[in-house]
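The structure under discussion appears below in the form of structure tokens.
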Amino acid sequence: MVPDLLGRIPVLGQLAAVRKAAEEDAHCRTVVQQLSAASKALDRAGFLIIANALEECLTDPDNADNIQPDELQKLFMSLA
């Protein structure tokens with residue numbers, strides 16, 4: 001589940017861009033822009049994973065492997 005979801009978000013590419021900008025001694029503006037993009041990509045990945053777990057809970061509430069609602073809430077709030 002998670003690898004499939006993360007494939008839709010360019011997290012690793014964004015992190016590579018940060019590293020490349022830093023290694024090439026890019027202007028601080030460029031490094032900060034790349035860091036911002038990486039941060040947003042990571043946030044989106046977290047929200048996408050939680051959204052997928054929520055969807056699973058709603059479509060199959062009796063599945064014992066599902067995350068409980070209170071745990072989902074804690075995970076969601078940890079991204080805020």
- Task: Considering only segment 38-80, state which residues are among the aromatic types (Phe, Trp, Tyr) and more than 30 Å from Ala22 (Cβ to Cβ).
- Result: Phe76
- List pairs: first in segment 61-80 and touching a residue at least 12 places away in the same chain (Cβ under 8 Å) and surrounded by 10 or more Cβ atoms within 10 Å (Cβ to Cβ), second acidic (Asp, Glu) and in a helix (DSSP H, G or I), Cβ under 6 Å, 6+ apart or cross-chain? Asn66/Glu56
- Message: Between a residue in segment 39-52 that is under 12 Å from Phe76 (Cβ atoms) and touching a residue at least 12 places away in the same chain (Cβ under 8 Å) and any residue that is among the polar types (S, T, N, Q) and part of a helix (DSSP H, G or I), which pairs come within a Cβ distance under 9 Å, given they are 6 or more apart or on different chains?
- Response: Gly46/Ser78
- Query: When you scan segment 57-79, how many residues do you find that are of a type in the set (Ser, Thr, Tyr) and either in contact with a Ser or Thr (Cβ under 9 Å, 6 or more places away or on another chain) or farther than 13 Å from Gly46 by Cβ (or both)?
  - Reply: 1
- Task: Taking the residues in segment 1-28 that are modelled with pLDDT under 80 and surrounded by fewer than 13 Cβ atoms within 10 Å (Cβ to Cβ) as candidates, determine which candidate is nearest to Lys74 (Cα to Cα).
- Result: Val2
- Task: Working only within segment 27-79, note down all residues that are within 17 Å of Pro10 (Cα to Cα) and either among the polar types (S, T, N, Q) or not in a helix (DSSP H, G or I) (or both).
- Result: Gln33, Gln34, Ser36, Ser39
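Restricting to segment 29-77, what's the tally of residues that are of a type in the set (S, T, N, Q) and modelled with pLDDT of 85 or more?
The first filter runs over segment 29-77 and keeps only residues of a type in the set (S, T, N, Q), leaving 30, 33-34, 36, 39, 52, 59, 63, 66, 68, 73.
Applying the additional criterion that residues be modelled with pLDDT of 85 or more yields 30, 33-34, 36, 39.
Count: 5.
The values are calculated or read from the model by the stated rules, or taken from the named source; none is laboratory data. These numbers were taken from a predicted model, which means no experiment stands behind them. Cβ coordinates were reconstructed from backbone atoms using ideal geometry, including for glycine residues, and neighbour counts include every protein chain displayed.
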